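S.K.: Pasting in a structure now, in structure tokens, and then I'll have a few things to ask.
The values are calculated or read from the model by the stated rules, or taken from the named source; none is laboratory data. Quantities reported herein were computed from a predicted structural model and do not represent experimental measurements. Note that each Cβ is placed from the backbone with ideal geometry, even for glycine, and that neighbours are counted across all protein chains shown.
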Amino acid sequence: MFDKDVETFKNIANRINNLNAKIKLIALLEKARYEYQQNNYSECENSCRQILKTNPKNSIALRGLGCVMQAKNNYKKALEYYNLALEFSENKEIEYTLIGMIYYLEENLDEAIKHFNFAIEINDNYDPAYEGRNQSMLENHLKIADLQDQLIRQKIF
């Protein structure tokens with residue numbers, strides 16, 4: 001009887017510890033989100049790194065680090081974090097859209113469109129992917145139109 005009570009107590013203690021860990025994770029994620037919205041990128045980065053110490057596969061923390069790097073115009077590092085988050089994410093359309101945005105910012109429009117399309121294939125109701133794709137396609141068309149104008153001018157003069 002006593003052994004059964006000890007085992008029950010251990011199970012309850014483990015559940016409480018797991019619950020505490022989840023609460024701490026949620027608090028750190030909320031803190032990171034708040035700091036990011038306040039443009040306090042170093043604090044956001046610290047919170048994300050704290051999460052990754054105990055949960056290195058946390059796609060939200062990895063995505064957060066990507067967003068921080070993107071805000072700091074470090075697109076190469078942002079892309080690394082977004083791709084890593086993609087490996088563990090349950091919402092891959094978000095990562096594909098963020099990756100598409102990096103390519104858009106780097107003016108690699110074909111690659112941007114490709115990644116926005118990946119996001120749409122996963123979730124055809126994810127509006128940010130459509131917005132990114134449409135903007136990239138528009139930019140691509142404008143570049144083509146500018147090129148055509150330049151060619152016409154060269155032939156005229």
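S.K.: In the stretch 20-46, which residues are of a type in the set (S, T, N, Q), modelled with pLDDT of 90 or more and on the phi < 0 side of the Ramachandran plot?
M.R.: Selection gives Q37, Q38, N40, S42, N46.
S.K.: A further question follows. Among the helices (runs of 4 or more DSSP H) confined wholly to the stretch 82-157, which include 2 or more residues that are at pLDDT 95 or above and touching a Leu at 6+ places or on another chain (Cβ under 8 Å)?
M.R.: Passing ranges, in order: 92-105.
S.K.: Considering only the stretch 61-69, I want to know if a residue exists there that is in a helix (DSSP H, G or I), touching a residue at least 12 places away in the same chain (Cβ under 8 Å), surrounded by fewer than 15 Cβ atoms within 10 Å (Cβ to Cβ) and in contact with a helix residue (DSSP H, G or I) (Cβ under 8 Å, 6 or more places away or on another chain).
M.R.: Scanning the stretch 61-69, I find no residue that is in a helix (DSSP H, G or I), touching a residue at least 12 places away in the same chain (Cβ under 8 Å), surrounded by fewer than 15 Cβ atoms within 10 Å (Cβ to Cβ) and in contact with a helix residue (DSSP H, G or I) (Cβ under 8 Å, 6 or more places away or on another chain), so the answer is no.
S.K.: Out of curiosity, is L86 aliphatic (A, V, I, L, M) and closer than 30 Å to A21 by Cβ?
M.R.: Against the criterion (aliphatic (A, V, I, L, M) and closer than 30 Å to A21 by Cβ), L86 qualifies.
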